[in-house]
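Visitor: Sharing a structure with you now.
The values are calculated or read from the model by the stated rules, or taken from the named source; none is laboratory data. Owing to the predicted nature of the structure, the values given are computational and were not obtained by experimental measurement. Virtual Cβ from ideal backbone geometry, glycine too; neighbours counted across all protein chains shown. When the accessible area is computed, the model is the full protein with side chains, heavy atoms only, and any ligands, DNA or RNA have been set aside. Shrake-Rupley method; radii C 1.70, N 1.55, O 1.52, S 1.80 Å.
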Amino acid sequence: ASNELFVRMDIHQGHLGYHRAVHLDHTRRLASMLIYLCDKEENKMVGGDLIMEGAKRKPWAYFKGRKVIAPKHNRMAAFPVTPNSWHSVPVVKSQTVPRNFLQVTISSPVVAW
């Protein structure tokens, strides 16, 4: 039914060269959560941060300005998925082990926004 929600969990690894250009998640998503299973400092990682670009218009301005979230063991970054929740990951230029993380999303079977 169109009013039912579902949860999806994916296991990911970001190797050298991993990146995500500035983007929005799919229009059926309502929330996105990243749970890091690595530590940027321990892994000597250059790049690989989650960059939240910041919403510039209402009603989607849940924070102002750009936020940088570094991977750290058991750190969760969660955000509502809206038409203005732009985010990215700069290229991983060096690391000793992969950027490991879980992605958990709450989605709708129909377009949510």
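Visitor: Among the residues of the range 87-99, write down those that are surrounded by fewer than 18 Cβ atoms within 10 Å (Cβ to Cβ) and in contact with a Cys (Cβ under 8 Å, 6 or more places away or on another chain). Please lay out each step first, then the result.
Guide: Here is the first cut: in the range 87-99, the residues surrounded by fewer than 18 Cβ atoms within 10 Å (Cβ to Cβ) are 88, 90-91, 93-94, 96-97.
Of everything in the range 87-99, just one residue is surrounded by fewer than 18 Cβ atoms within 10 Å (Cβ to Cβ) and in contact with a Cys (Cβ under 8 Å, 6 or more places away or on another chain), namely V97.
Visitor: In addition: Taking interchain pairs and intrachain pairs at least six residues apart, which have beta carbon atoms under 8 angstrom, with the first residue in the range 1-24 and within 24 Å of K67 (Cα to Cα) and the second hydrophobic (A, V, I, L, M, F, W, C) and open to solvent by 80 Å² or more (accessible area, probe 1.4 Å)?
Guide: V22/W86; H23/W86; L24/W86
Visitor: I'm trying to understand the selection: among the residues of the range 30-62, which are over 17 Å from V89 (Cα atoms), open to solvent by less than 50 Å² (accessible area, probe 1.4 Å) and modelled with pLDDT of 95 or more?
Guide: Selection gives A31 alone.
Visitor: Could you list, in sequence order, the residues of the range 73-86 that are more than 19 Å from T27 (Cα to Cα) and surrounded by fewer than 14 Cβ atoms within 10 Å (Cβ to Cβ)?
Guide: H73, N74, M76
Visitor: Still on this model: Name the single residue, out of those in the range 16-29 being farther than 23 Å from N84 by Cα and touching a strand residue (DSSP E or B) at 6+ places or on another chain (Cβ under 8 Å), that is most open to solvent (accessible area, probe 1.4 Å). Break it down into steps so the answer makes sense when it comes.
Guide: Going through the range 16-29, the residues farther than 23 Å from N84 by Cα turn out to be 16-18.
Checking the rest, the ones that are also touching a strand residue (DSSP E or B) at 6+ places or on another chain (Cβ under 8 Å) come to 16, 18.
Working: L16: 113, Y18: 54 Å².
Ranking the qualifying residues of the range 16-29, first place goes to L16.
Visitor: A further question on this structure: Quick check, is L102 surrounded by 15 or more Cβ atoms within 10 Å (Cβ to Cβ), modelled with pLDDT of 90 or more, within 29 Å of L5 (Cα to Cα) and touching a Leu at 6+ places or on another chain (Cβ under 9 Å)?
Guide: Working: surrounded by 15 or more Cβ atoms within 10 Å (Cβ to Cβ): no; modelled with pLDDT of 90 or more: yes; within 29 Å of L5 (Cα to Cα): yes; touching a Leu at 6+ places or on another chain (Cβ under 9 Å): yes.
It is false that L102 is surrounded by 15 or more Cβ atoms within 10 Å (Cβ to Cβ), modelled with pLDDT of 90 or more, within 29 Å of L5 (Cα to Cα) and touching a Leu at 6+ places or on another chain (Cβ under 9 Å).
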